[in-house]
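To keep things clear, I will list the structure first and then write my remarks on it.
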Amino acid sequence: MKKNKISKNWINKQRKDIYVRKSKIEGYKSRAVYKLKEIDEKFKIFKHVDSVIDLGAAPGSWSQFATTKIKSEKILSIDLIRFEKFKNCHQIIGDFTDESCKDEIKRYFGKKVDLIISDMAVNTIGNKNVDSIVTGELCLNAMDFAIGSLETKGIFVSKVFMGSSFNEIVALAKKSFKNVKVFKPLASRKNSKETFIICKFLR
Ligand SMILES: C[S@@+](CC[C@H](N)C(=O)[O-])C[C@H]1O[C@@H](n2cnc3c(N)ncnc32)[C@H](O)[C@@H]1O
């Protein structure tokens, strides 16, 4: 399909999408917030949480939601691209996979954290198989970081695509966390291979 035809289809889809309309009414930066809300309703991921790292945070709806759940200023949002700053959120603009970025995150908290959420993904307008592989690598990278940075009772939530690295991701998660669930929120588009992994309590 030609690129401008893809963009027209995307614009039409956005216009019809109830979650896009709802996010505009409720003042959220993107429809992605409803995926996190569903995850929180089902798995209570923000319960007893004081510190949060939001990986792949732009345009910012997950961080916005985190500010409604946590009153401390210990929310750190990381993305490659610039996005609006929210009250109580600290930002790092950079590549999370860079060691220097990870060091900066660790310095910011100076201790282990309660919750790490990752919606990191590459641009899915390209080759979907390649995108899914790269996004799987981002998830593995984030999980590895989470294992070293979470409190024992900490929680890691990440976007993951059904595809080549899915089984490897679930296997690593089960090896490292006591409680692992895979969940596709209603707000996640049906025709997308996207799903989410929710990992609780380090082994
Ligand atoms: C689906 S969007 C996130 C939407 C966000 N959760 C929200 O609620 O607004 C995925 C984001 O991951 C970011 N991303 C991809 N690779 C990254 C990396 N290596 N480091 C930091 N951010 C990355 C992209 O720039 C993009 O903004």
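Exceedance of the 26 Å cut-off in Cα-Cα distance is limited, within the set LYS47/LYS74; LYS112/LYS193; LYS87/LYS184, to LYS112/LYS193; LYS87/LYS184. Mean residue ellipticity, 222 nm, helices only, the chain: the sum of -39500 (n - 2.57) across DSSP H runs of n ≥ 4, divided by residue count and rounded to 500, is -13500 deg cm²/dmol. For the chain, the relative contact order works out to 17 percent when only alpha carbon pairs closer than 8 Å and six or more residues apart are counted. Could you check the spin-label model distance between SER164 and GLU26? Points 7 Å from the Cα along Cα→Cβ, value in nm. Each label point lies 7 Å from its Cα, and together they span 3.6 nm. Label-to-label distance, SER192 versus SER100, with points set 7 angstrom from Cα along the beta-carbon direction: 3.1 nm. Could you state the angle between the C-alpha long axis of helix 33-43 and the longest principal axis of the C-alpha atoms of the chain, as a value from 0 to 90 degrees rounded to the nearest 10? Helix 33-43 and the main axis of the chain meet at about 50 degrees. A Gaussian network model of the chain, with springs between Cα atoms under 10 Å, assigns the largest mean-square fluctuation among GLY27, GLY56, GLY94 to GLY27. For region 31-202, the per residue solvent-accessible surface stands at 48 Å², with DNA, RNA and ligands left out and a 1.4 Å probe. Magnitude of the charge dipole for the chain, about its Cα centre and with charges confined to Cβ atoms of Lys, Arg (+1) and Asp, Glu (-1), is about 1060 debye. Within the chain, antiparallel bridges make up roughly 40 percent of the DSSP beta bridges whose residues both belong there. To the nearest ten degrees, helix 99-109 and the longest principal axis of the Cα atoms of the chain are 60 degrees apart. Put simply, when 192-202, 162-172 are sorted by average Cβ atoms within 10 angstrom per residue, most first, you get 192-202, 162-172. Computed from the Cβ-Cβ distance with R0 of 25 Å, the FRET efficiency linking LYS184 to ASP17 stands at 0.90. Summary of the geometry: region 139-203 and region 32-55, compared by the centres of their Cα atoms, lie 13 Å apart.
The residue list ILE45, TYR108, LEU172 was ranked by how far each Cα lies along the charge dipole of the chain toward its positive end, using unit charges on Cβ atoms, and ILE45 comes out on top.
Inter-label distance, LYS112 to ILE93: 3.4 nm, where each label sits 7 Å from its Cα along the C-beta direction. In the elastic network of the chain, a GNM with C-alpha springs shorter than 10 Å, the most mobile of GLU151, GLU38, GLU99 is GLU99. Compute the long axis of helix 166-176 from its Cα atoms, compare it with the longest principal axis of the Cα atoms of the chain, and write down the angle in degrees, 0 to 90, nearest 10. That helix lies at roughly 20 degrees to the long axis.
For the chain, a Kirkwood hydrodynamic radius built from all Cα pairs, placed in the Stokes-Einstein relation at 37 °C and 0.692 mPa s, yields a translational diffusion coefficient of 190 µm²/s. Between ASN127, ASN141, ASN88, the Gaussian network model of the chain with springs among Cα atoms under 10 angstrom shows the greatest mean-square fluctuation at ASN127.
The values are calculated or read from the model by the stated rules, or taken from the named source; none is laboratory data. Just so you know, these numbers come straight off a predicted model, no measurement behind them. Reconstructed Cβ throughout: ideal geometry from the backbone, glycine too, with neighbour counts over all protein chains shown. These accessible areas exclude ligands, DNA and RNA; they are computed on the full protein's heavy atoms, side chains included. Shrake-Rupley method; radii C 1.70, N 1.55, O 1.52, S 1.80 Å.
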